[in-house]
Amino acid sequence: MDHLRHFDLHREPFGLTPDTACFFATPTHQEALNVVLLGLRLGSGFIKITGEIGLGKTLLCRRLLNALGLDYVTAYLPHPEISPAELRRSLARELGAPERLVGRTDTAALQNLLLHHARQGRSAVLFVDEAQRAPRETFEYIRLLTNLETETTKLLQVVLFGQPELDRRLRRADLRQLAQRVIHAYRLRPLNHAEAEAYLVHRLAQAGGDEGLFPTAARHAVTVSARGVPRLINVCAHKALLAAYGAGARRVSLSHVRAAVRDTETLSPPGWWARWRSVWS
């Protein structure tokens, strides 16, 4: 793309698609990773990671999928708005059932598949993204699947990723049995100022750029306007980069960031900087 050549970048530094190659282990994301990995090692059954929109839950989920070794077999459910029967077929397919048998898989057949993996020394893990969207019946079926176990271990563990609405749903009376099984949980937080700037510099480096492309004032403006939310940092920095390109500039200035903020409703307006920049840490 023209703007990438203009800034001597070899890839888009602030893309919105979750890309594990760009993963940056901020303290909050590293703590969440540690919670999940510990829970899986302990065979906890249910693990829950929640956070507001844009904090990197999907990227974290994909990072975990890539990080687990050969001792695990995984299934990923990115869109949980499905019926128990659809979930069962999806699980069977991702856990290695022959395609000709997927449509005929019942709970007993799924249990046998899970037992096969257990005998081979592999733990089965289901990752559910956007879990707050799952129907109650599907939640209940997932809970029933975690009842399947040998004398020493559960045959299936579940990691739920969701927005804060997931916490509210699990407090409802009809899901209390599932909620009681969540042994490990973590709430992602926005990045503080230092972490947000480090994140921005990391994304630039991954694309072949350096922090000189966003001088200090521009970096501060981006991270403060985005309120520490990685997705909003990407949005603001991308638009500021395009504004600089459109002006023929070689570096992003404060005026380019202000133009990006004015163009984006979800970013904090310039007046917000003066009120909060001195106290945000």
Candidates GLN120, GLN111, GLN157, ranked by Gaussian network fluctuation over the chain, Cα under 10 Å, top entry: GLN120
Please state the shape class of region 38-143: rounded when a/c is under 1.5, otherwise prolate if a/b exceeds b/c and oblate if not, all from the C-alpha gyration tensor. oblate
By the Cα gyration tensor axes a ≥ b ≥ c (a/c under 1.5 gives rounded; else a/b larger than b/c gives prolate, otherwise oblate), the shape of region 1-94 is prolate
Near the amide H of ILE183, under 5 Å away, which other amide H atoms are found, from residues 5 or more places off or on another chain, if H is placed in the peptide plane? PHE46
The helix 136-145 Cα axis meets the longest alpha-carbon principal axis of the chain at an angle in degrees, between 0 and 90 and rounded to 10, of 60
Between (i) 16.7; (ii) 15.6; (iii) 20.8, which matches mean projected area of the Cα convex hull in nm² calculated for the structure shown? (i)
Summing -39500 (n - 2.57) over every DSSP H run of at least 4 residues in the chain and dividing by its residue count gives a helix-only mean residue ellipticity at 222 nm, to the nearest 500 deg cm²/dmol, of -14500 deg cm²/dmol
If one takes the longest principal axis of the Cα atoms in the chain, at what angle in degrees, from 0 to 90 and to the nearest 10, does the Cα axis of helix 216-225 lie? 50
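Could you work out the local net charge near HIS29, counting Lys and Arg as +1, Asp and Glu as -1, over the other residues with Cβ closer than 13 Å to its Cβ? Could the numbers behind the result be given before it?
Numbers: positive: LYS57, ARG62, ARG63, ARG187, ARG189; negative: GLU31, GLU195.
For residues surrounding HIS29, the net value is +3.
What percent do you get for the relative contact order of the chain when only Cα pairs under 8 Å and 6+ apart count?
Working: 430 pairs, mean separation 71.2, N = 281.
Over the chain, the number comes to 25 percent.
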What ranking do HIS29, HIS117 get, fewest neighbouring Cβ atoms within 10 angstrom at the top? HIS117, HIS29
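Under 1.5 on a/c is rounded, so check that first for region 135-281, then, if it is not, pick prolate when a/b is larger than b/c and oblate when it is not; a ≥ b ≥ c are the square roots of the alpha carbon gyration tensor eigenvalues. Write out the running numbers ahead of the final one.
On the way: a/c = 3.19, a/b = 2.53, b/c = 1.26.
It comes out prolate by the Cα gyration axes.
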Give the relative contact order (percent, whole number) for region 27-187; include only Cα pairs under 8 Å separated by 6+ residues. 38
Apply the Karplus parameterisation 6.51 cos²θ - 1.76 cosθ + 1.60, with θ equal to phi minus 60°, to every residue of region 181-187 and state each ³J(HN,Hα) to the nearest whole Hz, in sequence, with x for glycine and proline. 8, 7, 8, 10, 8, 8, 10
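Using a 10 Å cut-off on Cβ atoms, rank the peptides 167-179, 244-256 from the highest mean neighbour count down. List each step's numbers first, then the result.
Working: 167-179: 14.3, 244-256: 16.5.
The most tightly packed comes first, giving 244-256, 167-179.
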Helix 107-119: angle to the longest alpha-carbon principal axis of the chain, degrees 0 to 90, nearest 10? 80
How many angstrom separate the Cα center of region 81-96 from the Cα center of region 147-167? 15
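Rule-based calculations on the coordinates, nothing more; no lab input. Please read these numbers as outputs of a predicted model, since none were measured by experiment. Virtual Cβ from ideal backbone geometry, glycine too; neighbours counted across all protein chains shown.
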